[in-house]
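Participant: Pasting a structure below so you can have a look.
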Amino acid sequence: MSSLSNRRSAANDAAGSGPAANAVSDLYTRVTAAVIASLEAGVPPWVCPWSRSSASGGSQLPVNATTGRPYRGINVLLLNARLWECGFTSNRWLTFNQAQAVGARVRKGSTGSTVVFFKMWEADASGAGDVPAIDDRKVIPLLRSFTVFNTDQVDGLPAAMAPVADPGVSGIAWNPLASAEALVTASGASIAHGGERAFYRPSDDHIQMPVRSAFASAEAYYGTLLHELTHWTGHESRCARVLQGRPHIEAYAFEELVAEMGAAFLCAHCGLLPAAGGEAPGLQHAAYIGSWLQALKNDRRLIFTASSLAQKAADFVLAPVLASAQISAQAPASEAV
């Protein structure tokens, strides 16, 4: 088959008319089934189900053991679900080839875990990848899956990849509550305290919280505040997340799903630990779980959309703090004291 024919075949598959389209459809089904299973078991997969000790090398977010890069979006859900299902002691993962490249080996009989990767592929109207005119261009999202293994399943990892302390600022004690306060302060959000409800009010772009002493713990306070801060990112001047109904789920239930995941991603960044009984600080609206389950069973792509929006919201909140940390790291020692 010619190169042009290969490209046309790929375009047809991506558009939903070939064998690759069937594989993508199956992937959506498998991913959604894993999320449903976790929710039905009472463990939201966007939350690391228990605290990870420094000795176990656990991060609140799953990371690649060889690159140190955190997994994002839907992959956080997939790997946290496997972490809970298998009882792994580490939230660090790598591919079979990555293990081999560092002289390690995946233990015989180990079952891998799925992660997914999105790539935008550009083709013209004829299906060719070489585009003659901009008006003919068509951008198609390609979804691919890869298999990774937990470091608990790998023997012979080099000492440099041994479990390490949770990420923080080198030489500075890691304080989860201080890190959460830093996110809130850097956001510049309008926040007031008083009353008995926590909510974000879009009409005047304002977050209202009960007084701090009304919460059972500082973790509960910041978990609730980060949830409301995720709602705050939906404003048209920020992430412009439109509040609208979707097939199989009403608008507020979908927005709460995004806020649950966004808050969980932020709690994980700050190191806020799950509360007693496994409930995470960011789990604010468990009452919606029934409607989420029903919607997920009817729409295999819903969790991909929601997790993508949640990651975008978390990225928006994190951006000022990460930028400030990068500037501090680049400053001369005399200025970084």
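The values are calculated or read from the model by the stated rules, or taken from the named source; none is laboratory data. Here the structure is a predicted model, which is why all the values come from computation and not from measurement. Cβ placement follows ideal geometry from the backbone for every residue including glycine, while neighbour counts extend to all protein chains displayed.
Participant: Restricting to the range 165-200, and then to whatever is of a type in the set (A, V, I, L, M) and in contact with a Phe, Trp or Tyr (Cβ under 6 Å, 6 or more places away or on another chain), can you tell me which residue is modelled with the lowest pLDDT?
Facilitator: Ranking the candidates gives 180 first.
Participant: Quick one: residue 60 ticks every box in (1) buried (at least 18 other Cβ atoms within 10 Å of the Cβ); (2) modelled with pLDDT of 85 or more; (3) of a type outside the set (Lys, Arg) except a single one, so which number is it?
Facilitator: (2)
Each row is one residue, and each column tells you yes or no for (1) in contact with a Lys or Arg (Cβ under 8 Å, 6 or more places away or on another chain); (2) assigned to a loop (DSSP other than H, G, I, E, B); (3) surrounded by 15 or more Cβ atoms within 10 Å (Cβ to Cβ); (4) free of Cβ contacts under 8 Å to residues at least 24 places away in the same chain.
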{"site": "180", "(1), (2), (3), (4)": "no, no, yes, no"}
{"site": "183", "(1), (2), (3), (4)": "no, no, yes, no"}
{"site": "186", "(1), (2), (3), (4)": "no, no, yes, no"}
{"site": "192", "(1), (2), (3), (4)": "no, no, no, yes"}
{"site": "197", "(1), (2), (3), (4)": "no, yes, no, yes"}
{"site": "203", "(1), (2), (3), (4)": "no, no, no, yes"}
{"site": "208", "(1), (2), (3), (4)": "yes, no, yes, yes"}
{"site": "213", "(1), (2), (3), (4)": "no, no, no, yes"}
